[in-house]
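Take a look at the structure below.
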Amino acid sequence: MRDNKRENEAENSFISEMGSSDDNGYLTFTLGEEEYAIDILTVQEIRGYDAVTTIANMPDFIKGVVNLRGIIVPIVDMRIKFNLGDVTYNEMTVVIILNVANRVVGMVVDGVSDVISLNESQIKEAPEFGAILDTQYLKGLGVIDDRMLILIDIENLMTSKEMALVEALVE
């Protein structure tokens with residue numbers, strides 16, 4: 001699709017620096033109109049979205065798999081997983097490659113924003129929404145000035161029973 005090798009190398013270098021020096025580092029990204037964040041230590045690399053090999057009978061949110069330097073990586077589209085409406089792939093769409101529970105998984109997001117650091121006072125507990133919204137995969141809400149970030153417990157999400165198909169694909 002697009003040649004973004006230099007862009008990825010710069011982002012990955014920055015992520016490595018942040019991840020090694022700050023345990024409270026988060027990678028922020030967008031899905032639709034909302035900003036989300038995940039623990040930077042789970043991020044292996046960021047890549048542009050490319051075609052995936054689809055596998056029959058997978059849930060809609062599993063787009064397929066890619067071969068990443070000899071490792072078969074399942075690709076999960078977070079917009080579909082979180083029921084966020086229309087899914088459109090464009091030049092801003094990226095795949096965040098994660099290393100979670102000794103597994104490599106990719107997640108498709110609308111775009112990566114930046115790397116931030118949050119201290120405990122900036123993290124608020126996620127409100128309870130009852131049966132309307134499942135908050136078991138949320139760490140809380142991060143507040144920076146006038147920004148509010150939805151902090152995802154990515155390890156809990158990617159190792160959940162409903163994602164067991166991802167686990168089966170990797171093995």
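Only one residue in D77, D86, D39, D60 is in contact with a strand residue (DSSP E or B) (Cβ under 9 Å, 6 or more places away or on another chain) and surrounded by fewer than 16 Cβ atoms within 10 Å (Cβ to Cβ), so which one is that?
Checking each option against the conditions leaves just D60.
Counting only residues that are more than 14 Å from M163 (Cβ to Cβ) and free of Cβ contacts under 8 Å to residues at least 24 places away in the same chain, give me the strands (runs of 3 or more DSSP E) lying completely in region 40-108 with at least 1 of them.
Strands (runs of 3 or more DSSP E) meeting the threshold: 62-68.
Just checking, does region 28-51 include any residue being over 21 Å from L138 (Cα atoms), modelled with pLDDT under 95 and touching a Gly at 6+ places or on another chain (Cβ under 7 Å)?
no
Do we have any residue at all in region 103-122 that's at pLDDT below 90, among the β-branched types (V, I, T), farther than 17 Å from G32 by Cα and over 13 Å from the mean Cα position of the chain (by Cα)?
Checked region 103-122: no residue is at pLDDT below 90, among the β-branched types (V, I, T), farther than 17 Å from G32 by Cα and over 13 Å from the mean Cα position of the chain (by Cα).
The values are calculated or read from the model by the stated rules, or taken from the named source; none is laboratory data. Note that the coordinates shown come from a computational prediction; the quantities given were computed from them, not determined experimentally. Note that we place each Cβ from the backbone using ideal geometry, even for glycine, and neighbour counts take in every protein chain shown.
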